[in-house]
1. If you scan the stretch 285-329, which residues turn out to be over 14 Å from Leu206 (Cα atoms) and among the charged types (D, E, K, R)?
2. Is it true that Ala289 is surrounded by fewer than 24 Cβ atoms within 10 Å (Cβ to Cβ), away from ligand 2 (no atom under 16 Å from the Cβ) and modelled with pLDDT of 95 or more?
3. Looking at the stretch 296-304, is at least one residue closer than 15 Å to Gly143 by Cα and within 18 Å of the chain's Cα centre (by Cα)?
4. Please list, ordered by residue number, the strands (runs of 3 or more DSSP E) wholly in the stretch 25-112 having 2 or more residues that are surrounded by 15 or more Cβ atoms within 10 Å (Cβ to Cβ) and more than 16 Å from ligand 1 (Cβ to nearest atom).
5. Answer yes or no: is there a residue in the stretch 218-233 that is within 16 Å of ligand 1 (Cβ to nearest atom), within 21 Å of the chain's Cα centre (by Cα) and among the small types (Gly, Ala, Ser).
6. Six or more apart or on different chains, Cβ atoms under 8 Å: show the pairs whose first residue is in the stretch 14-42 and under 10 Å from Arg57 (Cβ atoms) and whose second is hydroxyl-bearing (Ser, Thr, Tyr) and assigned to a strand (DSSP E or B).
7. Looking at the stretch 236-280, which of the residues that are within 14 Å of ligand 1 (Cβ to nearest atom) and of a type in the set (Gly, Ala, Ser) is farthest from Asp135 (Cα to Cα)?
8. Which ones in the stretch 149-159 are loosely packed, with under 14 Cβ neighbours inside 10 Å and part of a helix (DSSP H, G or I)?
Amino acid sequence: MTHEFGARGRGEDNAIAAAGRFCDCPIADVSEFGRGNVNDTFLVEPAGEHKPFVLQRLNTHVFRRPQLVMRNLRVLSDHVLRRMETFDPEQGRRWEIPRILLTPDLSDHWIDSSGSFWRAMSFIEGAESIDSVRDEVHAREVGWAVGTFHSLIRDLPAGKLSDTLEGFHVTPLYLGRYDQVLAAAKPSLSPEVRFCIDFINSRRALAQVLEGARARGALGLRPIHGDPKANNILIDAKTRRAVAIIDLDTVKPGLLHYDIGDCLRSSCNPGGEDGGEGDVRFDPDLCRAVLQGYYSAAGEFLAPVEREFIFDAVRLIAFELGMRFFTDHLEGNPYFKVAREGHNLARALVQFRLTASIESQETVIRRIVKEMG
Ligand code: GN1
Ligand code: MG
């Protein structure tokens with residue numbers, strides 16, 4: 001399956017039908033929601049007193065066993081809700097987890113006549129998903145939310161979670177796949193394509209940095225979020241504090257560094273993934289603020305050796321995402337939704353420029369990590 005341009009608008013009729021399965025209520029409106037690159041997300045607004053909720057069509061090209069995704073979500077939410085009974089986030093601040101909604105026959109999903117897989121979750125009210133971190137206060141909240149989430153799931157037994165996306169964030173596997181796709185695609189060598197190929201070639205050794213440390217036993221698997229980019233942390237519109245972390249489909253055992261790297265690469269890139277105005281740049285002040293927030297919630301879990309890999313993690317996850325976008329571009333965009341021709345190539349260039357900015361600030365970033373203790 002290849003996503004066509006404007007794929008976001010696809011299937012609204014089906015969305016209305018699906019919305020009706022998760023609420024015994026008249027539906028006033030169903031509109032596209034958020035900016036996910038993989039699943040299709042809608043906000044459902046029922047008429048009358050019923051609360052709005054979030055409806056999603058899972059991308060079953062990516063999540064090939066969606067029932068397992070839902071089972072993981074149930075395991076996760078039962079665990080987190082139990083932990084939250086005794087968890088006191090600083091001064092009773094608000095902290096929530098989306099609830100899974102059920103159909104009348106108590107199923108956590110509904111499959112429509114075209115085979116689309118739908119599920120619904122409660123909507124976290126009065127909170128915003130913000131694509132680019134605004135300032136250090138926001139950055140701190142993002143880091144705090146990821147640390148809090150790590151702290152809430154750290155005792156979730158790995159055996160209870162299925163691996164719903166094998167090889168996710170295992171960079172050497174992405175590199176191997178890229179090599180295969182490039183060999184088959186034989187792309188015409190525009191300057192941008194040439195740049196990406198050269199950029200990857202000169203950093204092949206980097207792909208091993210975390211997996212090598214894991215193989216040596218320096219880093220170990222723990223439950224992680226998998227996709228803690230800045231806009232997956234919801235910010236209370238009034239208090240400006242983080243209130244939830246969403247997009248929980250990739251929770252599974254992994255390295256904390258996948259999450260820390262992903263959170264930093266997204267939070268410290270003020271121009272965002274589509275590249276704003278001007279140069280793509282990694283902002284070290286935002287990095288310090290994210291880490292301060294993270295450490296305030298979860299610093300005690302990070303062994304000294306794990307801290308040493310934080311720089312490598314942010315560099316690697318930016319590089320890896322660039323390689324994933326570029327591979328998808330070469331393949332005709334089967335994975336990430338695109339809004340225009342060349343979108344995944346443009347996204348890859350942003351991540352590679354971000355990687356270069358991270359590399360050029362290695363000393364500063366390593367010093368910031370050291371400051372944290
Ligand atoms: C995808 O769909 P979305 O936007 O939540 C991707 C992440 C990437 C992200 C980049 C399952 O997440 O790994 O970091 O795009 N999710 C999956 O924006 O591949
Ligand atoms: Mg996601």
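The values are calculated or read from the model by the stated rules, or taken from the named source; none is laboratory data. What you see is a predicted model; the values in this text were computed from it and never measured. A quick note on method: Cβ atoms are made from the backbone with ideal geometry, for glycine too, and the neighbour counts reach across all protein chains shown.
1. Residues satisfying the conditions are Asp285, Arg288, Glu300, Glu306, Arg307, Glu308, Arg324, Asp328.
2. On the way: surrounded by fewer than 24 Cβ atoms within 10 Å (Cβ to Cβ): no; away from ligand 2 (no atom under 16 Å from the Cβ): yes; modelled with pLDDT of 95 or more: yes.
Answer is no for this residue.
3. To start, the set of residues in the stretch 296-304 that are closer than 15 Å to Gly143 by Cα comprises 296-302.
Now narrow it down to the ones that are within 18 Å of the chain's Cα centre (by Cα): none.
No; the residues of the stretch 296-304 include none that is closer than 15 Å to Gly143 by Cα and within 18 Å of the chain's Cα centre (by Cα).
4. The qualifying strands (runs of 3 or more DSSP E) are 27-32, 40-46.
5. The answer is yes, given that some residue of the stretch 218-233 is within 16 Å of ligand 1 (Cβ to nearest atom), within 21 Å of the chain's Cα centre (by Cα) and among the small types (Gly, Ala, Ser).
6. Phe42/Ser31
7. Only one residue tops the list, namely Gly254.
8. Hits for the stretch 149-159 are Ala158, Gly159.
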